[in-house]
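The values are calculated or read from the model by the stated rules, or taken from the named source; none is laboratory data. Note that this is a predicted model, so its numbers are computed, not measured. Virtual Cβ from ideal backbone geometry, glycine too; neighbours counted across all protein chains shown.
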Amino acid sequence: MITDFEVVSLGLEAPFGIARGTQETAENVVVRVTDEGGMTGVGAAGPAARYGETGATAEALLPSLLDAVESVGDPHALDAAERAMGDHVRGNPAARAAVDVALHDLVARRLGVPLHRLWGLDPDRAPPTSFTVGLAAPETMGERAAAAVDAGRDVLKVKLGTDPTTDRERIEAVREAAPDATIRVDANEGWTPRTAVAASEWLADAGVEFLEQPVPADDPEGLRFVYERSALPVALDESIVRPTDVPAVADRADVAVVKVTKCGGLRRTRRAIHVARAHGLEVMLGCMVESNAAIAAAWQLAPLVDYADLDGALLLADDVDPFDGVPIDGSEPDLTGVDRTGTGARER
């Protein structure tokens with residue numbers, strides 16, 4: 001195998017705000033793995049500082065990670081490749097995910113099948129994706145929600161997690177602009193437990209479906225306080241980074257949020273999904289702000305989950321993504337398009 005990588009900076013369609021801050025560009029690491037016949041698999045991931053990783057740390061680590069994978073030799077030896085990367089580093093999930101996705105893409109392309117078919121999954125079971133309305137002034141969020149609905153996106157994920165009064169104005173503006181949309185709210189660890197419980201009441205009145213990560217992940221008793229008193233189901237994202245995190249929070253959540261990038265690859269994400277199921281949780285498959293080379297891979301797992309939040313590439317500015325991915329009509333993915341072997345990502 002021959003491997004290479006690059007780090008790219010992708011501009012966003014609009015500034016993307018969450019409770020921790022606002023970004024206007026998204027760094028992604030792109031990995032390519034080429035076999036002896038010249039067939040190439042591609043993977044990507046968006047490193048996140050929240051999980052101790054940046055484009056620079058991924059760039060520093062990837063040469064040795066790729067050397068470890070090349071030493072395995074066989075792209076189909078996915079278990080051996082995962083062990084080789086794990087022997088080299090325990091963290092850096094985005095760097096590991098990009099390599100893992102590239103290997104899976106190459107294997108499925110060599111076999112001439114979409115990745116979901118290799119796993120025996122039914123593409124018709126993939127749920128629609130939400131589209132994220134980033135944190136901004138209430139009127140701006142209302143305008144963005146209206147534009148999303150006009151584009152056929154009828155499931156919205158609304159970012160909150162700041163001052164409760166302003167957050168309430170934000171959700172009111174979004175609901176007025178999108179009266180019939182399904183709305184989910186993500187506070188990104190921004191509230192205290194008591195604020196989150198109070199917010200759950202007016203969010204429920206606004207017809208919100210569930211509340212994601214209302215309080216910090218490092219406050220497990222705060223999570224329990226919210227879960228036991230919330231007027232809405234509770235989803236946990238930042239609290240679940242790897243499969244082994246699920247059991248510790250399964251008694252204070254309704255929905256586990258898993259992501260290929262934070263889990264460190266497709267195989268580890270599948271494990272997290274199965275662990276969540278074993279603990280009686282629903283599952284949402286999420287993403288970072290990422291290229292189609294990452295998002296298309298995550299879509300291959302979507303038939304396993306209840307909810308999808310795979311809009312990362314939709315948040316990018318026009319024509320900045322080096323890849324096309326799984327077609328999405330409004331909120332509905334098409335995992336069965338023409339020439340969709342591998343993950344479905346194709347270089348433009």
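When the stretch 316-337 is limited to residues that are under 18 Å from the mean Cα position of the chain (by Cα) and either aromatic (Phe, Trp, Tyr) or assigned to a strand (DSSP E or B) (or both), the one that is nearest to Val29 (Cα to Cα) turns out to be Phe323. Restricted to the stretch 1-56, and to residues there that are out of contact with any Lys or Arg (no Cβ under 8 Å at 6 or more places or on another chain) and among the hydroxyl-bearing types (Ser, Thr, Tyr), the residue that is surrounded by the fewest Cβ atoms within 10 Å (Cβ to Cβ) is Ser9.
Every condition in (1) in a helix (DSSP H, G or I); (2) without any contact (Cβ under 8 Å) to a residue 60 or more places away in the chain; (3) touching a Gly at 6+ places or on another chain (Cβ under 9 Å) holds for Ala248 except the one numbered (3). Looking across the stretch 251-274, the residues that are part of a helix (DSSP H, G or I) and crowded, with 24+ Cβ neighbours inside 10 Å come down to Val260, Thr261, Lys262, Cys263, Leu266, Thr269, Ala272. Restricting the search to helices (runs of 4 or more DSSP H) fully inside the stretch 33-115 and requiring at least 2 residues that are at pLDDT 95 or above, closer than 24 Å to Leu335 by Cβ and touching a strand residue (DSSP E or B) at 6+ places or on another chain (Cβ under 8 Å) gives 93-111. Pairs linking a residue in the stretch 319-340 that is closer than 20 Å to Val7 by Cβ and assigned by TED's automatic domain parsing to the domain that holds Thr129 to a residue that is surrounded by fewer than 19 Cβ atoms within 10 Å (Cβ to Cβ) and among the charged types (D, E, K, R), with Cβ atoms under 7 Å and 6 or more positions apart or on different chains, are Pro322/Glu347; Pro322/Arg348; Phe323/Arg346; Phe323/Glu347; Phe323/Arg348.
Only one of these is among the charged types (D, E, K, R) and farther than 20 Å from Val155 by Cβ: Asp321, Asp306, Asp334. Name it.
Asp321
Taking residues in the stretch 8-33 that are without any contact (Cβ under 8 Å) to a residue 40 or more places away in the chain, and partners anywhere that are aromatic (Phe, Trp, Tyr), the pairs with Cβ atoms closer than 9 Å and at least 6 places apart or on different chains are Glu24/Phe16.
Taking the conditions exactly as written (farther than 23 Å from Ala19 by Cα, hydroxyl-bearing (Ser, Thr, Tyr) and crowded, with 22+ Cβ neighbours inside 10 Å), does Thr244 satisfy them or not? Outline the logic, then answer.
Details: farther than 23 Å from Ala19 by Cα: yes; hydroxyl-bearing (Ser, Thr, Tyr): yes; crowded, with 22+ Cβ neighbours inside 10 Å: no.
Spelling it out, it is not the case that Thr244 is farther than 23 Å from Ala19 by Cα, hydroxyl-bearing (Ser, Thr, Tyr) and crowded, with 22+ Cβ neighbours inside 10 Å.
Summed over the stretch 100-128, the residues that are of a type in the set (Lys, Arg) and crowded, with 19+ Cβ neighbours inside 10 Å give a count of 1.
Determine whether Thr165 is of a type in the set (Val, Ile, Thr), under 21 Å from Ile18 (Cβ atoms) and surrounded by 15 or more Cβ atoms within 10 Å (Cβ to Cβ). Full working, then the answer.
Details: of a type in the set (Val, Ile, Thr): yes; under 21 Å from Ile18 (Cβ atoms): yes; surrounded by 15 or more Cβ atoms within 10 Å (Cβ to Cβ): no.
Taking the combined requirement at face value, the residue does not satisfy it.
Here Glu228 does not fit the description of being within 28 Å of Pro138 (Cα to Cα), modelled with pLDDT of 95 or more and among the acidic types (Asp, Glu).
Yes/no per residue for (1) in contact with a strand residue (DSSP E or B) (Cβ under 8 Å, 6 or more places away or on another chain); (2) of a type in the set (Ser, Thr, Tyr); (3) surrounded by 22 or more Cβ atoms within 10 Å (Cβ to Cβ):
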| site | (1), (2), (3) |
| --- | --- |
| Ala276 | yes, no, yes |
| Asn292 | yes, no, yes |
| Ala296 | yes, no, yes |
| Ala302 | yes, no, yes |
| Tyr307 | yes, yes, yes |
| Leu310 | yes, no, yes |
| Leu314 | yes, no, no |
| Ala317 | yes, no, no |
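When you check Glu282 against the structure, is it modelled with pLDDT of 95 or more, in the same structural domain as Val185 (by TED's automatic domain parsing), among the acidic types (Asp, Glu) and touching an Asp or Glu at 6+ places or on another chain (Cβ under 7 Å), yes or no? Taking the combined requirement at face value, the residue satisfies it. Being assigned to a loop (DSSP other than H, G, I, E, B) and either under 20 Å from His116 (Cβ atoms) or under 14 Å from the mean Cα position of the chain (by Cα) (or both) is a property that does not hold for Val283. Restricting the first member to the stretch 131-159 and to residues that are in contact (Cβ under 8 Å) with a residue 60 or more places away in the chain, and the second to residues that are surrounded by 22 or more Cβ atoms within 10 Å (Cβ to Cβ) and part of a helix (DSSP H, G or I), the beta-carbon pairs closer than 6 Å and six or more apart or on different chains are Phe131/Ala148.
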